[in-house]
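Everything below concerns the one structure shown next.
Derivation of every value follows stated rules applied to the coordinates shown; laboratory data play no part. Because the structure is predicted, anything quoted here is derived from the model rather than measured. Note that each Cβ is placed from the backbone with ideal geometry, even for glycine, and that neighbours are counted across all protein chains shown.
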Amino acid sequence: MAQAQAIPLTRHAFADGSFKKMLIDGKWVAAASGKHFESRNPATGELLATVAEGDAEDINRAVTAARKAFEGPWSKFKPFERQLVLLKLADLVERHFDELSSLDTLDMGAPISRTRGTRQRVLGMLRWYAGQATSIHGETIPNSLPGEIFSYTLKEPVGVVGAIIPWNGPLGASIWKVGPALATGCTVILKPAEEAPLASLRLGELALEAGVPPGVVNVVPGYGETAGAALAAHPGVDKVAFTGSHLTGQSIVKASAGNLKRVSLELGGKSPDIVFADADMDAAVPGAAMAVFANSGQICSAGTRMFVEQKVYDEFTDRVAAFGKGLRVGNGLDPETQIGPLVSEQQLERVTGYLSLGKQEGARLAGGGGRPAHLNRGYFIEPTVFANVDNRSTIAQEEIFGPVLSVIPADGEEAAIQIANDTVYGLNNSVFTNDIDRAYRTARRLLRASFLYLPAVLALLLLNPLPA
Ligand code: ADP
């Protein structure tokens with residue numbers, strides 16, 4: 001299996017420390033300002049690339065190119081032709097998958113077993129979008145008005161899409177945004193996160209190779225406050241598709257008001273896992289532990305608050321802490337690694353700040369809580385478990401985006417539901433029990449998932465019926 005192969009610790013062809021330009025109108029160009037920023041491996045500090053730093057002027061240029069392509073060559077592509085482009089892109093991603101997945105591991109730290117493990121999902125998504133290019137259509141509507149009136153809806157592409165993504169899964173997130181845009185006949189400006197822009201840039205190269213016309217896919221790396229904000233506010237952008245923190249989501253909603261652009265948001269979470277005393281502990285312990293420790297906790301839907309019935313509270317907390325202690329933390333390129341570093345020094349500071357706060361707030365540290373002793377460089381944090389946490393405390397209410405679990409006692413179904421719902425977030429919920437009635441009953445009463453699944457994102461891009 002691909003996951004078991006050792007990854008040579010040599011330079012990556014696309015991350016060889018050289019200068020990476022941005023993709024605008026089918027050409028690779030430096031930033032208009034001439035600025036650039038560094039992308040480094042969070043496990044080692046090694047320089048991977050210097051990257052052209054886009055800002056408002058580069059966004060202007062990209063929007064102009066995207067508009068021209070939208071009204072020009074791309075609008076002539078029939079659904080089958082767009083489908084073919086997506087299928088070719090999928091084939092290219094498949095051919096270069098090992099390269100792309102190790103690029104993600106280098107750029108943001110996730111274990112290679114994890115980035116390689118997304119192969120089927122990434123390719124499946126691209127080919128699913130390819131299918132959507134030919135299967136979305138309007139309706140014929142019966143009309144009761146006097147006379148002979150034919151009523152129908154057409155699904156038209158929205159236009160120029162600004163796609164802003166985070167760093168916690170750059171390849172998948174890029175495809176998640178570019179795929180629907182191509183399927184529906186939109187053009188796109190992809191703004192990767194400043195922490196991990198390389199897989200998006202490489203995907204831009206592959207999109208050109210797949211036959212995407214110039215200006216249809218543009219990739220403009222840069223900082224959120226400059227490039228991201230310019231994209232969200234730009235009057236020439238018809239839709240923003242955003243994934244990231246809820247605070248940035250709020251800025252994007254405000255910035256989008258100027259031309260009332262369509263917005264889809266996939267934001268953060270503080271997701272609860274409820275563990276009832278009758279649960280199968282051998283399944284619940286690894287399930288609940290990996291719900292928060294996977295990707296070093298840098299997942300919007302991470303299960304960061306765990307509510308456990310008193311009867312099994314101590315045993316369960318100890319077992320989850322022991323499970324966390326047993327995970328192999330290290331350089332993501334090592335195939336044995338289960339937990340990689342956090343993405344950046346800033347993220348490390350943020351997470352360690354919450355670790356101090358947890359102790360100040362009176363929570364009991366049941367496991368982890370610092371840098372692993374065997375790692376003296378890189379942005380590593382041990383899988384950490386806080387016990388006896390108050391659900392109103394800061395560590396139980398704010399999104400930490402690190403491998404930090406708050407275990408909270410909650411007795412009985414009603415108490416568990418009330419306290420699990422006591423949050424501003426509603427993203428993802430899990431229930432561990434052997435009572436199927438209780439599982440369904442509890443799941444229905446937990447705050448609805450606000451995660452935008454693929455069909456919803458696609459529908460937002462498409463819904464633009466003509467008046468009959
Ligand atoms: P995270 O905590 O995952 O870094 P952010 O919301 O800060 O979440 O970042 C997600 C993406 O949003 C990144 O590409 C970032 O550059 C971008 N971003 C940050 N601030 C803004 C902003 N004010 N406007 C638009 N995009 C932004």
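A straight chain from Asp98 to Lys78 at 0.36 nm per residue would run longer than the Cα-Cα distance by 4.0 nm. For the pair Asn60 and Asp91, label points projected 7 Å from Cα toward Cβ lie 4.1 nm apart.
Given +1 at the Cβ of Lys and Arg, -1 at the Cβ of Asp and Glu and no other charges, the dipole of the stretch 61-165 around its Cα centre is 200 debye to the nearest 20. Once each part is reduced to its C-alpha centroid, what is the distance from the stretch 286-308 to the stretch 49-104 in angstrom? After rounding, the separation between the Cα centres reads 33 Å. Residues of the stretch 218-251 falling in the label zone of Asn259, defined by backbone nitrogen less than 12 Å from a point 7 Å along Cα to beta-carbon, are 231-240. Remark on Phe307: its backbone amide H falls under 5 Å from those of Asp273, Ile274, Val275, Ile408, a criterion applied only to residues 5 or more positions apart or on other chains, H modelled at 1.01 Å from N. Electrostatic tally near Pro335: other residues with Cβ closer than 13 Å to its Cβ, Lys and Arg +1, Asp and Glu -1, net 0. By the gyration tensor of its Cα atoms, with a ≥ b ≥ c the square roots of the eigenvalues, what is the shape of the stretch 1-107: rounded for a/c under 1.5, prolate for a/b over b/c, or oblate? Oblate. Relative to the Cα centre, the charge distribution of the chain, modelled as +1 at Lys and Arg Cβ and -1 at Asp and Glu Cβ, gives a dipole magnitude of about 1000 debye. Assuming charge only on the beta carbon of Lys and Arg (+1) and of Asp and Glu (-1), the dipole of the stretch 142-255 about its Cα centre is about 140 debye to the nearest 20. Report the residues of the stretch 329-349 in range of a label on Ala373: point 7 Å along Cα→C-beta, backbone N strictly under 16 Å from it. From the stretch 329-349, the list is 329. Remark: spin-label model distance Val29-Ala13 equals 2.7 nm, labels positioned 7 Å along the Cα→Cβ axis. Only one residue of Thr248, Phe307, Ser296 has its Cα farthest out toward the positive end of the dipole of the stretch 204-311, where Lys and Arg carry +1 and Asp and Glu -1 on Cβ, and that residue is Thr248. Going from the residue with the fewest nearby Cβ atoms within 10 Å to the one with the most, Tyr223, Tyr152, Tyr129 rank Tyr152, Tyr223, Tyr129.
Computed extension length for Gln418-Arg350: 21.6 nm, one decimal, from 0.36 nm per residue of separation with the Cα-Cα distance subtracted. Put in order of Cβ neighbour count within 10 Å, fewest first, the listed residues His137, His246 become His137, His246. Across the chain, the mean sequence separation of Cα contacts (distance under 8 Å, 6 or more residues apart), normalised by length, yields a relative contact order of 18 percent. For the pair Asp411 and Asp390 in one chain, pulling the backbone fully straight at 0.36 nm per residue adds 6.2 nm over the alpha carbon distance. Judged by the gyration tensor of its Cα atoms, with axes a ≥ b ≥ c, the chain is oblate; a/c meets the 1.5 cut and b/c is at least as large as a/b. Computing FRET efficiency as 1/(1 + (r/R0)^6) for Gln120 and Glu205, where r is the C-beta to C-beta distance and R0 is 35 Å, gives about 0.95.
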